[in-house]
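Peer 1: Sending over a structure as structure tokens; questions will come in a sec.
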Amino acid sequence: MNIDNIFVNILAHDELNVDNTNILDFCEKLPDNDSGRQVSNEGGYQSNIFDMSTTESLLELHKKITEQVNWLHDYMGFKTSLKKTVDQCWVNINPPGTHNSMHTHSGGVFTGIYYVKVPEHSGNLQMITPIAPFDFVMKGEYIDVSNQFNNSNILVQPKEKHLYIFPCWIAHQVQTNLSNETRISIAFDIAIS
């Protein structure tokens, strides 16, 4: 029997060759000048939205992310006439014991996360299927071997200097930081117009 994937979602990821030292320095100093906001962060710090393309310390990162977004745009078969924008950037700083709760994004077509600092045991990225009745039909007790066809959520162990991009409608959270160090990431939306 042939099997075809239908209604597929994606998780694009890659390691970025950037100078992470300047990015980390920017992120660690940001709370001194930005009081932050409360959105998905439970404890910890989430900055106000800023423009990565005009932030000197993040220009190299912005360029690399834009290259990846352009590749993804082509891979997805979007019209070349459409404009792609890395939009609505913010920094997440999660000291031990804090996390980012389950949420989706409404500011674009894709959501991205670049992991600046990822100590061991500092929390996995958890994603939940957007198929509402999935868990009612595909019950856990039916599953012998978990795979992409029978699992309602996935866990991704983030890696430092890695970029993750996925559709904005995918509910996700970053689990509690169980390490003794701070986890730092930069999240953003990708708008297409």
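Peer 1: Contact order normalised by length for the chain, with contacts defined as Cα pairs under 8 Å and 6 or more residues apart; what percent is it?
Peer 2: With pairs under 8 Å counted, the relative contact order is 33 percent.
Peer 1: What is the spread of the Cα atoms of region 64-121 along each of their three principal axes, largest first, in whole Å?
Peer 2: Sorted from largest, the Cα extents of region 64-121 read 45, 23, 16 Å.
Peer 1: Rounded, prolate or oblate: which fits the chain, taking a ≥ b ≥ c as square roots of the Cα gyration tensor eigenvalues, rounded meaning a/c under 1.5, else prolate when a/b beats b/c?
Peer 2: oblate
Peer 1: Taking the Cα centre of each part, how many Å lie between region 4-24 and region 150-193?
Peer 2: 10 Å
Peer 1: Helix-only estimate, please: 222 nm mean residue ellipticity of the chain, summing -39500 (n - 2.57) across DSSP H runs of length 4 or more and dividing by its residues, to the nearest 500.
Peer 2: -5500 deg cm²/dmol
Peer 1: Quick check for me: using +1 on Lys/Arg Cβ and -1 on Asp/Glu Cβ, what's the dipole size of region 1-59 about its Cα centre, in debye to the nearest 20?
Peer 2: Around 220 debye, computed over region 1-59.
Peer 1: Then there is this: Considering only Cα-Cα distances, which of the following residue pairs are longer than 19 Å: K29/K117; K84/K117; K117/K161; K29/K84?
Peer 2: Pairs exceeding the cut-off: K84/K117; K29/K84.
Peer 1: Can you give me the angle between helix 59-75 and the longest principal axis of the chain, using Cα atoms only, in degrees from 0 to 90, rounded to the nearest 10?
Peer 2: Once rounded, the angle reads 20 degrees.
Peer 1: Roll a 1.4 angstrom probe over the protein heavy atoms and tell me the percent of accessible area of the chain that is carbon or sulfur.
Peer 2: Ligands and nucleic acids excluded, carbon and sulfur reach 51 percent.
Peer 1: If the viscosity is 1.306 mPa s and the temperature 10 °C, what translational diffusion coefficient in µm²/s does Stokes-Einstein give for region 1-108 when Rh comes from Kirkwood over Cα pairs?
Peer 2: Answer, rounded: 96 µm²/s.
Peer 1: Need the full-extension length gain, N151 to L178, defined as separation in residues times 0.36 nm minus the C-alpha distance. One decimal, nm.
Peer 2: That works out to 7.2 nm of additional length.
Peer 1: On a 0 to 90 degree scale, rounded to 10, what angle separates helix 20-33 from the longest Cα axis of the chain?
Peer 2: 70 degrees
The values are calculated or read from the model by the stated rules, or taken from the named source; none is laboratory data. Here the structure is a predicted model, which is why all the values come from computation and not from measurement. Here Cβ is always computed from backbone atoms with ideal geometry, including for glycine, and neighbour counts include all displayed protein chains. Keep in mind that these areas ignore ligands, DNA and RNA; they rest on the heavy atoms of the full protein, side chains included. Shrake-Rupley method; radii C 1.70, N 1.55, O 1.52, S 1.80 Å.
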